[in-house]
Amino acid sequence: FVAVADTPASRELGLSGHAPLAEGEGMLFVFDAEGRWGIWMKDMLFPLDILWADADGVVVTVVERASPDSYPQIFHPSAPARYVLELPAGYVERQGIAEGSQLVL
């Protein structure tokens, strides 16, 4: 199950204050256009893997095991992205996801 954040308010809130994700859960941030959308770990209670994907769903940047302690650092993609997918820490490694992987949206 992946929750969708597709409004400014839902994207700003993200998973802040949320209980840890179970395997197979995540949050998909959908933006109106490609950009270098930043993600922070404000009020997060658990680490995340974060993927940025372009309009075609190709992964352009991967951050593994982003820690809640990293706030106020903001993570940015290396190339413009239309989507950001937040997943439980370690999911990327377990599934072999890397830059260039194709997301099926």
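The values are calculated or read from the model by the stated rules, or taken from the named source; none is laboratory data. In this text the structure is predicted, and so the values were computed from the model without any measurement. To get the accessible areas, we keep the full protein, side chains included, count just its heavy atoms, and leave off ligands, DNA and RNA. Shrake-Rupley method; radii C 1.70, N 1.55, O 1.52, S 1.80 Å.
A few points about this structure:
- Summarising the amide proton neighbourhood of Ser101: residues at separation of 5 or more, or on other chains, whose placed amide H is nearer than 5 Å comprise Val59.
- 3J(HN,Hα) from dihedral phi, region 55-71, Karplus parametrisation 6.51/-1.76/1.60, rounded to Hz, x for glycine, proline: 4, 8, x, 7, 5, 9, 8, 10, 10, 9, 6, 5, 8, x, 5, 6, 4
- Alpha carbon convex hull of the chain, volume per residue in cubic angstrom: 88 Å³
- Extension gain, Trp40 back to Ser10 (0.36 nm per residue minus Cα-Cα distance, nm): 9.4 nm
- Most fluctuating residue given options Ala66, Ala19, Ala55, as computed from a GNM of the chain linking Cα atoms under 10 Å: Ala19
- 1.4 Å probe accessible area per residue over the chain, in Å²: 53 Å²
- For the options Asp69, Asp54, Asp32, a Gaussian network treatment of the chain with springs between C-alpha atoms closer than 10 Å singles out Asp32 as fluctuating the most.
- In order along region 2-16, the phi-based Karplus estimate (6.51 cos²θ - 1.76 cosθ + 1.60, θ = phi - 60°) of 3J(HN,Hα) comes to 10, 6, 10, 10, 10, 10, x, 5, 5, 5, 5, 5, x, 9, 4 Hz; Gly and Pro are listed as x.
- With all projection directions averaged, the alpha carbon convex hull of region 37-94 covers 3.7 nm².
- Helix-derived mean residue ellipticity, 222 nm - over the chain, DSSP H n ≥ 4, -39500 (n - 2.57), to 500: -2000 deg cm²/dmol
- GNM flexibility winner over the chain from Pro72, Pro88, Pro80 (Cα, springs under 10 Å): Pro72
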